[in-house]
Amino acid sequence: MLLLIAAFLALAGRCFYLQHFKSDHYLARSIKQQRSRSPRKPRRGTILDCRGRVLAASNRIQIIKAEPRIIKDLEGVSTALAPIVEMDPQLIYTLITESKNPGFAKIKPEADANQCSAARRIHGVGIESDWLRYYPMGSLTANVVGFTSSDGRGLEGLELRYDKQLRGSAAQNIFFADVYRRPIRLKQKDGVLSDGVGIILTLDATIQQFARDELIKQYESYEAESAVAIVADPKTGAILGMVCLPDFDPLEAGSTDPNNFRSRAITDWFEPGSVIKPIVMAIGLDAGAVRKDETIFCENGSYRGKGFGRIGEYRGGFGNLTLRLILIKSSNIGMAKIGQKLGKEKLHDGLRLFGFGKKAGIELPGEVDGLLWPAHKWTGYSVTRVPFGQEICVTAMQLVRAFCILANGGRLIRPHIVKAIVQSDGKITKLKQPPPPVGYVVKPEVAKWVISDAMVGVVNEGTGKRAKLERWQVFGKTGTANIAKEDERGYSQSDYIASFVAGAPADDPAIVVLVSIRKPNKKLGKGYTGGVVASPVAAKILEKTLSYLEKLKG
Amino acid sequence: MYNQVANSIGAVVVLLMAIGAVFVFSASADIGQELDLQKFYDYPGLRQILFFPLACLILFTAAAFDYRRLRVRRGWMKSPTLYLLILSIALLILVLIPGFGTRINYARRWFRFAVGPFKVSFQPSELAKWASVFFLAAFCEKYGPGIRSFWKRFVPACCIVGVVVGLIIIEDLGTAAFVAVLAFLMLIIAGAKWWHVLAPLPFGVLAFVGVLVRSPARMRRIAAFLDPEKWSDSVAYQADQSLIAIGSGGLLGKGLGGGICKYGHLPEDTTDFIFAIIGEELGFLGNAAVIGLFIIFLWLGILVVVRCKDRFGQLLAGGIVLAIGIQAALNIGVVTVVLPTKGIPLPFVSAGGTSMLLSSAAVGVLLNIARQSARNPTELESQDE
């Protein structure tokens with residue numbers, strides 16, 4: 001029996017050894033197996049339009065989940081769960097058996113409170129809360145807002161560009177867990193949970209709706225390849241509407257052609273054609289290369305010379321034209337001669353100042369620079385072609401910026417779509433507006449003349465007649481650009497980009513609209529030019545937007 | 001009637017049972033459990049709280065019962081020990097019959113029957129263990145020094161014990177080995193020549209190895225015992241978890257009720273591995289206290305044996321103290337992974353009514369021996385006549 005006492009003393013020694021010398025080792029092992037983390041997901045920031053309408057928001061949902069590794073009676077669980085979630089038991093069975101994660105099989109993503117409390121009683125079934133992103137405006141703002149992946153990462157549009165800010169910062173609770181990894185009690189909190197910031201856009205869903213309705217009508221009836229419409233406030237550069245077609249439904253992003261995700265207004269460049277003429281004319285006037293009242297001989301439909309080849313008109317020959325009439329009749333030869341008078345340096349620098357060849361700087365991902373060759377690479381061809389929109393590639397957004405500058409009396413603006421940031425505590429921080437209009441790209445009187453004289457003339461007497469409105473004096477410029485052939489030199493004779501840039505009212509422009517429709521089907525016989533295809537759309541958007549804004553002002 | 005040794009033993013045992021009740025309650029904690037007091041008997045924690053006073057009652061009732069009536073001096077037929085042994089052998093046979101015995105954890109060791117609303121389970125091997133102790137004490141006392149005779153006395157005793165062990169070994173190797181070892185120790189104390197023990201030893205070893213080889217699970221357990229962390233996912237899981245529980249407790253423990261291992265990580269936490277839970281929640285301090293109580297119990301037991309002038313009392317007290325002491329040492333050895341995993345409960349502390357109530361009864365007898373020996377032996381004799 002003394003032996004037995006000795007044995008007990010030895011066992012006490014063993015305990016001391018385990019609990020003193022090996023304690024750290026076992027403590028580390030116990031923590032490893034007894035700790036479970038439960039992520040606390042922050043709410044993703046809301047995206048609102050300028051009037052507070054929700055474009056994207058996250059709602060809290062309850063997920064009914066099963067934990068495959070602890071379920072022994074699979075069939076029992078499936079049949080018990082089926083009536084609660086109103087699903088086929090066979091489906092639940094497959095969901096559980098085919099889950100790759102032994103600790104998580106999603107059964108029902110959006111469960112209501114009754115379903116949750118009933119499901120919770122089944123062994124191996126649990127509830128997890130999550131956020132579900134939804135887009136109440138659907139495809140209306142899909143190209144701008146973008147969408148997120150199912151695990152909440154921004155994949156396109158603003159969701160991608162502002163992913164970090166929208167996402168907020170996640171935290172986690174570390175629990176002591178039982179063998180089934182169910183939490184017993186809190187051990188510590190890790191990280192600070194803060195919801196994502198909200199974003200208020202300059203975009204107005206109503207204007208966006210106007211633009212989309214009109215654009216989609218024309219896009220469909222002309223069987224076009226793609227189409228873009230942008231509505232902007234020339235005084236601030238705020239984008240009020242931006243529609244790119246074809247677009248997509250953010251809920252069905254998974255089954256959509258990824259090409260439709262992009263905002264073509266900033267990712268696609270093209271040779272603008274005649275719409276660029278007013279800009280070049282403004283540069284020429286500002287530089288003193290031409291005078292407002294100057295008359296230029298526009299030949300008789302064909303202008304040929306050493307070093308620049310032959311330039312033709314779309315239609316007929318014009319003879320002598322004033323500057324104003326060059327725009328109204330959209331004479332290529334007239335513009336080429338202005339280009340020659342300006343010289344490549346001044347023309348290049350002027351276009352640079354209007355923002356061509358570099359990103360417009362809008363807060364959306366994927367914007368491209370466009371293409372404006374440096375002056376030293378220009379040939380005699382360039383200086384005569386660029387003035388009517390060839391040998392230069394632009395994005396729709398760059399065009400809008402240039403015409404906003406013109407409509408703003410030559411003062412610089414920066415296009416932007418984010419108006420303000422809402423911190424998670426509700427504080428609204430207005431974003432710094434684009435640099436104050438210190439720089440004049442062209443003299444105000446030049447800008448004024450181009451807008452309210454020449455471009456008004458285009459609408460009243462020229463190629464943009466279809467854009468005339470009764471209540472407002474519209475200014476505009478058409479453009480029908482040939483699309484360069486991909487495989488050989490020269491331009492296609494069947495593929496065009498029909499554009500129209502417009503604004504109103506001419507004496508104090510409140511709105512600038514650009515409509516650009518790519519490859520309207522010429523074979524339909526309904527026309528293909530900017531004046532026919534694009535200008536009616538621009539006019540309708542202008543009309544609706546202006547009366548909407550008027551009503552808002554009361 | 002009252003004597004210090006007896007009171008001290010009683011106090012130690014009650015203290016152990018109190019610790020047991022507290023820790024079984026703590027270890028039976030589960031998350032998401034709703035206590036339905038109508039069915040309180042289904043919860044081991046609450047059941048143990050019921051058994052605790054019951055065991056105390058049995059302890060002191062048995063202490064009032066004169067142990068000498070268990071003797072066989074006046075013939076086998078008048079001794080309760082024989083009937084006890086026969087009863088336990090019968091129950092051991094009965095429990096093997098599928099209709100009567102209930103399987104728990106793949107072993108048919110229990111009777112389960114309903115008493116009113118309660119589902120009571122009873123483990124006959126526990127009874128057989130004590131019956132063997134009592135029987136051997138009575139047997140050795142009756143034949144006195146005759147036990148030295150190999151063929152006439154030693155072999156029959158071995159045969160009887162062999163029947164009991166043989167019946168237990170079918171379902172419970174650990175308890176069987178324990179009963180066999182206990183029996184030999186008692187025979188040696190009673191004066192059997194130690195080399196006599198060598199004779200049945202080959203049979204015992206043969207049976208032991210036979211059972212071991214027949215069951216691959218047991219073989220793996222032995223292998224796992226040698227390197228618990230390597231096998232920690234499968235067979236040595238329990239041993240490994242036990243070490244984690246004890247080791248992570250440190251010197252002072254995580255605090256009463258603060259353990260985590262009891263939430264499913266450590267299986268059998270309320271029964272065989274309760275010592276690990278004590279270690280986790282109260283640390284080395286708690287474990288040392290429990291070991292200390294058993295050492296005090298052993299010391300007091302030795303005192304009872306030495307002071308007892310009656311040979312039957314000496315043998316019986318020795319058997320009881322040995323049974324409890326060895327069992328406790330084996331259990332703690334298993335929990336601290338000094339020994340391979342065996343299903344042996346920690347006396348008075350582990351959950352389990354059969355073990356606790358029967359052990360209490362046995363200690364009650366021990367208390368009685370202590371009290372009787374304090375009296376004048378002549379007075380005893382006269383009372384006896």
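The values are calculated or read from the model by the stated rules, or taken from the named source; none is laboratory data. These figures come from a predicted structure and were not determined experimentally. All Cβ positions, even for glycine, are placed from backbone atoms using ideal geometry, and neighbour counts span all protein chains on display. To get the accessible areas, we keep the full protein, side chains included, count just its heavy atoms, and leave off ligands, DNA and RNA. Shrake-Rupley method; radii C 1.70, N 1.55, O 1.52, S 1.80 Å.
Tabulated values for the structure
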read-out	value
Apportionment of accessible area to carbon and sulfur, chain B, percent (1.4 Å)	67 percent
In Å², nearest 10: area of A:R185 left accessible to a 1.4 Å probe	100 Å²
Dipole axis of segment B:2-384 (+1 Lys, Arg; -1 Asp, Glu on Cβ), positive-most option in B:I274, B:P80, B:A374	B:P80
Debye, to nearest 20: dipole size of segment B:2-384, +1 on Lys, Arg Cβ, -1 on Asp, Glu Cβ	1580 debye
Value of [θ]222 nm, deg cm²/dmol, for chain A, DSSP H segments ≥ 4, -39500 (n - 2.57) each, nearest 500	-9000 deg cm²/dmol
For residues of B:248-255, the mean tally of beta carbons on other chains within 10 Å	5
Positive minus negative residues near A:V400 (Lys, Arg vs Asp, Glu; Cβ under 14 Å)	+3
Theoretical gain in end-to-end length, A:H123 to A:K553 [0.36 nm per residue, Cα-Cα removed]	148.7 nm
Helical segments meeting 30 Å axial Cα length and Kyte-Doolittle -1.0 threshold in chain B (DSSP H)	B:4-27, B:274-307, B:311-335, B:353-374
Viscosity 1.567 mPa s, 4 °C: Kirkwood-radius Stokes-Einstein D of chain B over Cα pairs, µm²/s	60 µm²/s
For the protein assembly as shown, accessible area per residue (1.4 Å probe, heavy atoms of protein chains only), Å²	43 Å²
Average other protein chain Cβ within 10 Å of Cβ, residues A:20-28	5
Most positive-pole-ward Cα, A:I511, B:T175, A:L406, against dipole of the protein assembly as shown from beta carbon charges	B:T175
Charge dipole magnitude, Cβ of K and R +1, D and E -1 - segment A:191-297, Cα centre, debye nearest 20	480 debye
Average partner coverage of B:273-280, which counts Cβ from other chains inside 10 Å	1
46 Å tail of the calculated P(r), the protein assembly as shown, as % of Cα pairs	54 percent
Whole-angstrom Cα spans of chain A along principal axes, big to small	129, 55, 50
Extreme residue, positive dipole direction of segment B:108-167, given options B:A137, B:F150, B:V163 (C-beta unit charges)	B:V163
Computed [θ] at 222 nm, deg cm²/dmol, chain B (DSSP H ≥ 4; -39,500 (n - 2.57); rounded to nearest 500)	-21500 deg cm²/dmol
By average C-beta atoms within 10 angstrom, highest first, the peptides A:104-113, A:136-145	A:136-145, A:104-113
Charge dipole (debye, nearest 20) of the protein assembly as shown; +1 at Cβ of Lys and Arg, -1 at Cβ of Asp and Glu	940 debye
Peptide ranges A:190-197, B:260-267 listed from the most packed, as the mean C-beta count within 10 angstrom indicates	B:260-267, A:190-197
